[in-house]
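Beneath this line is the structure, given in structure tokens, with notes to follow.
The values are calculated or read from the model by the stated rules, or taken from the named source; none is laboratory data. Note that the coordinates shown come from a computational prediction; the quantities given were computed from them, not determined experimentally. Note: ideal-geometry Cβ built from the backbone for every residue, glycine included; neighbour counts use all protein chains shown.
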Amino acid sequence: MWQMLQKLSLSLCAVLAIWLIFMTITLLNASSSPVDGFFVLGGSITREIYVAQQAKQSPETPILISRGSQDPCIWLIFQREVAPIQNVWLENCADSTFENFYYGIPILRRLGVHKVMLITSATHLPRAKWLGQILLGAHGIWVEPVIVEEKGIPGNRESWLKTSADVTRSLLWAGLSQFIQPECSNVTRLTEVNMQDWQQRGFRCERQGNLGR
């Protein structure tokens, strides 16, 4: 029994070593390639304004906005910026930074992203960057963080306790997510946002967006 356990442990270590080597090579290759995806972490409408401006320069690059502003607010931003909306997806399941990645990874993988521009703000670092590097890196996706300047009171508050807890569970989920792919039941393409329906229901946009609502 002891010998069997030793052989099993050695086999698992060998598999882990091979996987780590493969991921390292994959990430190094991705790091030198162009950005092929934008990933926006919700928390401030200024991040969505920034990605809309980026979309004009890279109209073919897919955009995933995780738990951002209300759908019609994002639609109005892209309309104002005259930015393409065909490749924009809105994920509205996440309730935390960890869940941004928890639900975002399967979507980014389906979109074939290998190098993502992670759009956040200074008040959201370093937690967002570390979680991105751990969770996206475990799937061979290189992370390039971009900090968007905010005005007023930001939507994120960082603490070392929260950061430590999220980093710990991210290390665990990095392994589990190789086998478990959670699905968000509330993913909408920006082209499918029904503005007439939203106008009837009513909605409010963050004042920093200057959308007049």
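Across region 19-60, what is the total count of residues that are assigned to a loop (DSSP other than H, G, I, E, B) and more than 16 Å from Leu136 (Cβ to Cβ)?
Residues in region 19-60 being assigned to a loop (DSSP other than H, G, I, E, B) and more than 16 Å from Leu136 (Cβ to Cβ): 8 in total.
Can you tell me which residue within region 61-87, out of those that are among the polar types (S, T, N, Q) and crowded, with 18+ Cβ neighbours inside 10 Å, is nearest to Leu136 (Cα to Cα)?
The residue in question is Ser66.
Quick one: in region 197-213, which of the residues that are within 21 Å of Ala52 (Cα to Cα) and basic (Lys, Arg) is surrounded by the most Cβ atoms within 10 Å (Cβ to Cβ)?
As a first pass, look at region 197-213 and keep what is within 21 Å of Ala52 (Cα to Cα): 198, 203-213.
From what's left, basic (Lys, Arg): 204, 207, 213.
Numbers: Arg204: 11, Arg207: 11, Arg213: 15.
Once the filter is applied, the top-ranked residue is Arg213.
Which of the following residues is among the aliphatic types (A, V, I, L, M), farther than 21 Å from Ala55 by Cα and buried (at least 22 other Cβ atoms within 10 Å of the Cβ): Leu135, Leu90, Leu118?
Result: Leu135 is the single residue among Leu135, Leu90, Leu118 that is among the aliphatic types (A, V, I, L, M), farther than 21 Å from Ala55 by Cα and buried (at least 22 other Cβ atoms within 10 Å of the Cβ).
Can you work out which of the residues in region 93-108 that are touching a Phe, Trp or Tyr at 6+ places or on another chain (Cβ under 7 Å) and over 14 Å from His139 (Cβ atoms) is surrounded by the most Cβ atoms within 10 Å (Cβ to Cβ)?
Filtering region 93-108 for residues that are touching a Phe, Trp or Tyr at 6+ places or on another chain (Cβ under 7 Å) and over 14 Å from His139 (Cβ atoms), the one surrounded by the most Cβ atoms within 10 Å (Cβ to Cβ) comes out as Ala94.
Among the residues of region 118-140, is there at least one that is part of a helix (DSSP H, G or I), over 20 Å from Trp89 (Cα atoms), without any contact (Cβ under 8 Å) to a residue 12 or more places away in the chain and not acidic (Asp, Glu)?
Yes, some residue in region 118-140 is part of a helix (DSSP H, G or I), over 20 Å from Trp89 (Cα atoms), without any contact (Cβ under 8 Å) to a residue 12 or more places away in the chain and not acidic (Asp, Glu).
Sort through Thr24, Thr61 and tell me the only one that's within 20 Å of Lys115 (Cβ to Cβ) and in contact with a strand residue (DSSP E or B) (Cβ under 7 Å, 6 or more places away or on another chain).
Thr61
What is the number of the single condition among (1) part of a helix (DSSP H, G or I); (2) of a type outside the set (Val, Ile, Thr); (3) at pLDDT below 95 that Phe179 does not meet?
Failing condition for Phe179: (1).
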